[in-house]
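Here the structure comes first, spelled out in structure tokens, and everything after it is commentary.
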Amino acid sequence: AVAGKTLLVSLEQGSQRMLRSLSTDAQGVFRLGGLTIADTVRVQAGVRDGAGAVVTFDAPGGIFPSPALTSPDWPALGAPLASVRELQTAWPALYRDSTARQLAEVVVRAAKPKAERPRDIERTSLHGEADGVFVPEVGVTYENIGDMMRRVPGLILLRNRNIFSSFGDNTPLYLIDGMYADGSMVDALLPQDVSRIELLKNAGTATIYGARSANGVIAIYTRRGEQGDRLPAASTISATVLGFATPREFYVPRYDSPAAQSHTDRRDVLFWEPLGQNDADGRARLVFPLSDTAKRLRLVVQGLTSEGVPVSFTWLLPVR
């Protein structure tokens, strides 16, 4: 690749696609890490505004040198903090409004009009109804994608950065034309390319995207979405990355057959589900047949939270 260029990377597996925006270093090298890949993934990469540039892939799993980290100048930061602390102590009324009063709960009820969504947007969406919708006005000029985000009902822009959330500091799930994308990819969008922005922040609308939607979903639709691949065709090549094997279906005897009814079921392992997810209340339902000899069940549940923390639980249950 070319040094100091913006690189667009697309990962595709079946009907799922994800976009990432990266930058090449001084040697024209880029790295895409922190991915848990299931099954076989098709990877494409292209250099934006890099006519004639060619992207090549090394074998996955390579070791990259860690960048050197610089420590902040703590003594230099001490003086501004002391000055602010002195101002707050000398003039507390300026920083703490003593006339503020907390109001009782106010409930506003209104009928929510249901506007029809364009057919091309319906085709690239898993969800239907959204909690907030913004459609750019014809003839209005927007400074950047952040300017457009501020106009989405229910969406809050934090600290004037290009990080958007309606749930505090947590980062939501980004979708561009139905494909998973990161914040840098959203920041690289041009306002004139955006035709619609939808916000999903309630359990009834966002849970269709799984655990990654725990902090809400921001779905962005572009005017070029119907053209399919957004990568520059001149510098795009493909590679195949092998991930984990697709889990097989766990065998369960067919008890409706005469052969199964005439034999005693002495299985030790009764149920196994490699990929599962609980509902909005944190509950999950497991349905499986017991063996003829089971007197006590040992249940082991392992997984990850929406923040990526590993969890493991074990229960011993008697069979009644």
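So for Lys201, Lys295, what's the accessible-area order with a 1.4 Å probe, most first?
Per-residue accessible area, sorted high to low, gives Lys295, Lys201.
Set the Förster radius R0 to 30 Å, insert the Cβ-Cβ distance between Ala111 and Arg151 as r into 1/(1 + (r/R0)^6), and round the FRET efficiency to 0.05.
The formula returns an efficiency of 0.85 here.
Summing +1 for each Lys or Arg and -1 for each Asp or Glu, what net charge is found among the other residues whose Cβ lies under 14 Å from the Cβ of Lys201?
Details: positive: Arg212; negative: Glu129, Asp131, Glu198.
Summing Lys and Arg as +1 and Asp and Glu as -1 gives -2.
Stretched out fully, how many nm does the piece from Ser184 to Leu299 gain, at 0.36 nm a residue minus the Cα gap?
Extending this stretch completely gives an extra 37.2 nm.
Keeping every protein chain in place, order Leu199, Leu77 by accessible area at 1.4 Å, biggest value first, i.e. largest first. Could the numbers behind the result be given before it?
Details: Leu199 5, Leu77 85 Å².
The ranking, largest first, comes out as Leu77, Leu199.
Just to verify a number: what accessible area does Ile145 come out at with the full protein assembly present, 1.4 Å probe, Å² rounded to tens?
Answer for Ile145: close to 0 Å² accessible.
Ordering Ser21, Ser83 by accessible area with a probe of 1.4 Å, largest first, what comes out?
Reading off the accessible areas and sorting them downward yields Ser83, Ser21.
Taking H as built 1.01 Å from N, whose amide H comes closer than 5 Å to the amide H of Arg267, not counting residues under 5 places away?
The answer is Asp292.
Taking the Cβ-Cβ separation of Leu286 and Ala203 as r and a Förster radius of 25 Å, what is the calculated FRET efficiency to the nearest 0.05?
0.70
Work out the FRET efficiency for Asp265 and Trp315 from their Cβ-Cβ distance, taking R0 = 22 Å, and round it to the nearest 0.05.
FRET efficiency, Asp265 to Trp315: 0.50.
For Met18, tell me the accessible area in Å² from a 1.4 Å probe, rounded to the nearest 10.
Answer for Met18: close to 40 Å² accessible.
The values are calculated or read from the model by the stated rules, or taken from the named source; none is laboratory data. Since this is a predicted model, take the numbers as computed values, not measurements. Methodologically, a virtual Cβ is constructed for each residue, glycine included, from the backbone with ideal geometry; neighbour enumeration extends over all protein chains shown. To get the accessible areas, we keep the full protein, side chains included, count just its heavy atoms, and leave off ligands, DNA and RNA. Shrake-Rupley method; radii C 1.70, N 1.55, O 1.52, S 1.80 Å.
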